[in-house]
1. Look at segment 35-59 and say how many of its residues are surrounded by fewer than 19 Cβ atoms within 10 Å (Cβ to Cβ), of a type in the set (G, A, S) and not in a loop (DSSP other than H, G, I, E, B).
2. Checking the condition surrounded by fewer than 15 Cβ atoms within 10 Å (Cβ to Cβ) and either modelled with pLDDT under 95 or closer than 16 Å to R11 by Cβ (or both), which residue from R88, R106 passes?
3. Which of the strands (runs of 3 or more DSSP E) contained wholly in segment 66-121 include at least 1 residues that are without any contact (Cβ under 8 Å) to a residue 40 or more places away in the chain?
4. So which residues in segment 109-141 are surrounded by fewer than 19 Cβ atoms within 10 Å (Cβ to Cβ), aliphatic (A, V, I, L, M) and within 17 Å of A75 (Cα to Cα), if there are any at all?
5. Residue by residue through segment 13-34, note down the ones that are of a type in the set (D, E, K, R) and either touching a Lys or Arg at 6+ places or on another chain (Cβ under 7 Å) or surrounded by 12 or more Cβ atoms within 10 Å (Cβ to Cβ) (or both).
6. Could you tell me whether segment 19-42 includes any residue that is acidic (D, E) and farther than 22 Å from E124 by Cβ?
7. Quick check on my filter: what residues within segment 2-34 are under 17 Å from A75 (Cβ atoms), part of a loop (DSSP other than H, G, I, E, B) and of a type outside the set (S, T, Y)?
8. All but one of (1) on the phi < 0 side of the Ramachandran plot; (2) among the small types (G, A, S); (3) more than 11 Å from the chain's Cα centre (by Cα) hold for G31; which doesn't?
Amino acid sequence: MSTTVDLATARRVLDAQPFSRLLGARLVAFGEGGATLELDVRDELRQQDGHVHGGVVSYTADNTLTFAAGTVAGARLVTAGFAIDYLRPARGALLRARARVVRAGRTRVVCRCDVSAVDGAGAETLCAVAQGTIAVPGNGA
């Protein structure tokens, strides 16, 4: 499987997602079986105890898994399913999700993702891990 999608094209795909724009997500790396997405943490993204809301952490994993799959399968993909384990509360100035392709098949791409909270000094704390299956529409998916 190969792709002609580059970072600029992937960023246009991300920008076409209204929810991603609402959150302020940025695709900072894309290619060679991996993708990295970041978003700045702001008060609107926190839950009542001050941690980043689990739905925001889940969003970063879901979207980054799909973008990682896009490095090998193109831009027209959809998440078939994913599982996430929250390891600790996400606290920091930034969320950073890094995903890698585990296996790329004709109809499905399996990826893993680590989501970290990054503090003001740049130190990362792993807060969630996820694994997902991304469907390749039109290939029997």
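The values are calculated or read from the model by the stated rules, or taken from the named source; none is laboratory data. Only a predicted model underlies this, so the values are computations on that prediction, with no experimental measurement involved. Using ideal geometry, Cβ is built from the backbone for each residue, glycine included, and neighbour counts are taken over all protein chains shown.
1. Adding up the residues that qualify gives 3.
2. Numbers: R88 fails: either modelled with pLDDT under 95 or closer than 16 Å to R11 by Cβ (or both).
Result: R106 is the single residue among R88, R106 that is surrounded by fewer than 15 Cβ atoms within 10 Å (Cβ to Cβ) and either modelled with pLDDT under 95 or closer than 16 Å to R11 by Cβ (or both).
3. Details: elements: 78-86, 94-104, 108-118.
Here the list reads 94-104, 108-118.
4. Once the filter is applied, which keeps residues that are surrounded by fewer than 19 Cβ atoms within 10 Å (Cβ to Cβ), aliphatic (A, V, I, L, M) and within 17 Å of A75 (Cα to Cα), segment 109-141 yields V110, A141.
5. The first filter runs over segment 13-34 and keeps only residues of a type in the set (D, E, K, R), leaving 15, 21, 26, 32.
Matches in segment 13-34: D15, R26.
6. Quick first cut of segment 19-42, residues acidic (D, E) only: 32, 38, 40.
With farther than 22 Å from E124 by Cβ added as a condition, the list becomes none.
No, there is no match, as no residue in segment 19-42 is acidic (D, E) and farther than 22 Å from E124 by Cβ.
7. V5, D6, A16, Q17, A25, E32, G33 - these are the residues of segment 2-34 that are under 17 Å from A75 (Cβ atoms), part of a loop (DSSP other than H, G, I, E, B) and of a type outside the set (S, T, Y).
8. The one condition G31 does not meet is (1).
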